[in-house]
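The values are calculated or read from the model by the stated rules, or taken from the named source; none is laboratory data. Keep in mind that this is a model prediction, so the values were computed, not measured. The area values use the complete protein model at the heavy-atom level, side chains included, leaving out ligands, DNA and RNA. Shrake-Rupley method; radii C 1.70, N 1.55, O 1.52, S 1.80 Å.
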Amino acid sequence: MRTGARIAVDVGEVRVGVARSDSAGILATPVGTFQRHKDDFSAVISLVHELDALEVIVGLPLNMDGSEGKSAKNARRWARRVARRIYPVSVRLVDERLSTVSAHSLLHQAGRKEITHRSVIDQVAAVIILESALAQERSTLAPPGELVEIQEN
């Protein structure tokens, strides 16, 4: 298992949830929820520098059949943009099907009322994405998901 903090991002239309791991890649914790097109890039970039992050993991919301829809294309575009800004830190896309559904379930089990989920749901989804990526790396001993390539102009 590689050492170094990882940052996970759940990219939505309106909000971006962010989580981080410890440098051993064992514990995933929520960081915050940021507004898209306002402070989402600066928050992630600052965190990458603050933690000297190994990589950023972006959730790729595939359809249940594995195809990519509008949300997946949006996540890919966001990942490419952040990859250019944090190079040489790598950005990886990881399948996040049902992460938001799982996040709602966890919050419900924790006793949170549905109406209070909005403020934290994206952070919890980012934690789930990160935990999944870390588990994948532990089981395969390879970096998780798909590396985002930076295209040179």
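Once backbone amide H atoms are built at 1.01 Å from N, Arg15 has Arg36 as its partners under 5 Å, excluding neighbours fewer than 5 places away on the same chain.
A probe of 1.4 angstrom, applied to the heavy atoms of all protein chains, finds Asp95 with accessible area near 70 square angstrom. Rolled with a 1.4 Å probe across the full set of protein chains, the surface gives Ser46 an accessible area near 70 Å².
Residues Phe41, Phe34, sorted by accessible area with the largest first, give Phe34, Phe41 [1.4 Å probe; ligands and nucleic acids excluded]. For the range 11-54, the equivalent ellipsoid derived from the Cα gyration tensor has semi-axes of 20, 12, 6 Å, listed largest first. Could you give log10 I(q)/I(0) at q = 0.18 Å⁻¹ for the range 1-94, computed by the Debye formula over C-alpha point scatterers of equal weight, without solvent? Cα-only, vacuum Debye calculation for the range 1-94: -0.77.
With every protein chain in place and a 1.4 angstrom probe, the accessible-area ranking of Leu62, Leu134, Leu27, largest first, reads Leu27, Leu62, Leu134.
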